[in-house]
1. Out of all the residues in the stretch 131-146, is one or more closer than 24 Å to residue 185 by Cα and modelled with pLDDT under 95?
2. Here is a list: 302, 269, 257, 223. Which entry is within 25 Å of residue 70 (Cα to Cα) and touching a residue at least 24 places away in the same chain (Cβ under 8 Å)?
3. Applying the selection to the stretch 120-136, what residues are touching a helix residue (DSSP H, G or I) at 6+ places or on another chain (Cβ under 7 Å), open to solvent by 10 Å² or more (accessible area, probe 1.4 Å) and of a type outside the set (S, T, N, Q)?
4. Tell me which of these residue 139 doesn't satisfy, since it passes every other one: (1) open to solvent by less than 20 Å² (accessible area, probe 1.4 Å); (2) in a helix (DSSP H, G or I); (3) within 13 Å of the ligand (Cβ to nearest atom).
5. Which strands (runs of 3 or more DSSP E) does the stretch 1-116 wholly contain that include 3 or more residues that are without any contact (Cβ under 8 Å) to a residue 40 or more places away in the chain and more than 9 Å from the ligand (Cβ to nearest atom)?
6. Which of (1) open to solvent by 10 Å² or more (accessible area, probe 1.4 Å); (2) more than 13 Å from the ligand (Cβ to nearest atom) does residue 185 not meet, given it meets every other one?
7. Go through the stretch 82-110 residue by residue and tally those that are open to solvent by 60 Å² or more (accessible area, probe 1.4 Å) and charged (D, E, K, R).
8. Restrict the check to the stretch 233-252 and report whether at least one residue is within 19 Å of residue 213 (Cα to Cα), surrounded by 14 or more Cβ atoms within 10 Å (Cβ to Cβ) and at pLDDT 95 or above.
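The values are calculated or read from the model by the stated rules, or taken from the named source; none is laboratory data. It should be emphasised that the depicted structure is a prediction, and the values quoted were computed from it without experimental measurement. Here the Cβ positions follow ideal geometry from the backbone for every residue, glycine too, while neighbour counts run over all protein chains shown. To get the accessible areas, we keep the full protein, side chains included, count just its heavy atoms, and leave off ligands, DNA and RNA. Shrake-Rupley method; radii C 1.70, N 1.55, O 1.52, S 1.80 Å.
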Amino acid sequence: MKTALVLGAGGFIGNHLVTRLKTDGAWVRGVDLKFPEFSETLADDFVIGDLRQPDFCDRVIDRRFDEIYQLAADMGGAGYIFTGEHDANIMHNSATINLNIADRAHKRNNKRIFYSSSACMYPAYNQEDPANPNCKEHSAYPAAPDSEYGWEKLFSERLFLAYNRNHAMNNRVARYHNIFGPEGTWQGGKEKAPAAVCRKVAEAADNGEIEVWGDGTQTRSFLFIDECIEGTIRLMQSEFEGPVNIGSDEMVSINQLVDTVADIAGKHLHKNHVPGPIGVRGRNSDNNLIAEKLGWRPSQPLVKGLEKTYAWIERQVRKNKS
Ligand code: NAD
């Protein structure tokens, strides 16, 4: 039976990944500071603890696993990453986790770690035109991410690839682009744009108002969780180490995102544009490399994932009110 270790298994993507690995028949150990918030984990073994502590990493990496998925990070949406208030924690916490994991995994003779980097590592200078961002994998250098979160991701993807070169490991690096779906953070300041928009639309009265950060012409693409998990598993099983984008290439403006969610909800809403952290002007996944290397690329239309996500968030909003 395949054995897998999922670090960050109490988080949004980690919990979905555990479910998929269990469905595929693996034995799974999950590790996180917390249990998943919205559903019971299916992991065979789940250990609560802090991966910044080397001793704790020794305890959970107590054998050779067939696969290790390293998703644990100090993480959030624009309201967390781009305000500058959390920069020291983001860099210290995530880099410490990654340094511990690479070292401990190697010393237990583990060979294959999947690392979730982020599109936030791409240079800001290639993302100034909302209609024409460049996020090809090889455009990463000269490096100029627009957040410390992005710099840490860039450092850590290099770290895992250095272990491939110097310690004969087969680590895999993906650059996720805005993953969304049911059971993602939807309130509290760490939520990302699709969840925040779904929540605001669910809370708004028909013909009411919705606050949008910036002028709403900034562009992004959003990938539904099921496709993120599919790409992750495919990369892990492939012979390609990456880095490779795992994202959607259906680019929309934030205004379009709001309109689509309002349509799903059947509401007419007036957009009130307010100042807020918005990040780069444009970003889109370039999927040529993943198509070439894995013979696969995400293809589900954005609206399909938004329908499922809106239905889930609308239920959370109703539960919270009652
Ligand atoms: P998440 O915040 O839901 O999950 C991360 C998990 O890591 C959390 O459950 C958190 O408790 C855990 N964690 C943090 N510090 C820890 C510590 N010291 N010890 C143990 N666990 C700790 O985020 P997510 O959306 O599931 O993201 C998973 C990974 O994918 C992260 O590395 C993130 O940077 C990356 N990523 C996500 C997106 C996205 O759109 N969600 C985009 C790009 C990259």
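1. Taking every residue of the stretch 131-146 in turn, at least one turns out to be closer than 24 Å to residue 185 by Cα and modelled with pLDDT under 95.
2. Values: 302 fails: within 25 Å of residue 70 (Cα to Cα); 269 fails: within 25 Å of residue 70 (Cα to Cα); 257 fails: within 25 Å of residue 70 (Cα to Cα).
Testing whether each residue is within 25 Å of residue 70 (Cα to Cα) and touching a residue at least 24 places away in the same chain (Cβ under 8 Å) leaves just 223.
3. Passing the criteria: 120, 133.
4. Going through (1) open to solvent by less than 20 Å² (accessible area, probe 1.4 Å); (2) in a helix (DSSP H, G or I); (3) within 13 Å of the ligand (Cβ to nearest atom) one by one, residue 139 breaks only (3).
5. Values: elements: 3-7, 27-32, 45-48, 67-70.
Of the strands (runs of 3 or more DSSP E) lying wholly inside the stretch 1-116, those with at least 3 residues that are without any contact (Cβ under 8 Å) to a residue 40 or more places away in the chain and more than 9 Å from the ligand (Cβ to nearest atom) span 27-32, 45-48.
6. Evaluating residue 185 over (1) open to solvent by 10 Å² or more (accessible area, probe 1.4 Å); (2) more than 13 Å from the ligand (Cβ to nearest atom) leaves (2) as the failure.
7. Of the residues in the stretch 82-110, 3 are open to solvent by 60 Å² or more (accessible area, probe 1.4 Å) and charged (D, E, K, R).
8. As a first pass, look at the stretch 233-252 and keep what is within 19 Å of residue 213 (Cα to Cα): 251-252.
Add one more test, that the residue is surrounded by 14 or more Cβ atoms within 10 Å (Cβ to Cβ), and what stays is 251-252.
So of that shortlist, the ones also at pLDDT 95 or above come out as 251-252.
Scanning the stretch 233-252, I find at least one residue that is within 19 Å of residue 213 (Cα to Cα), surrounded by 14 or more Cβ atoms within 10 Å (Cβ to Cβ) and at pLDDT 95 or above, so the answer is yes.
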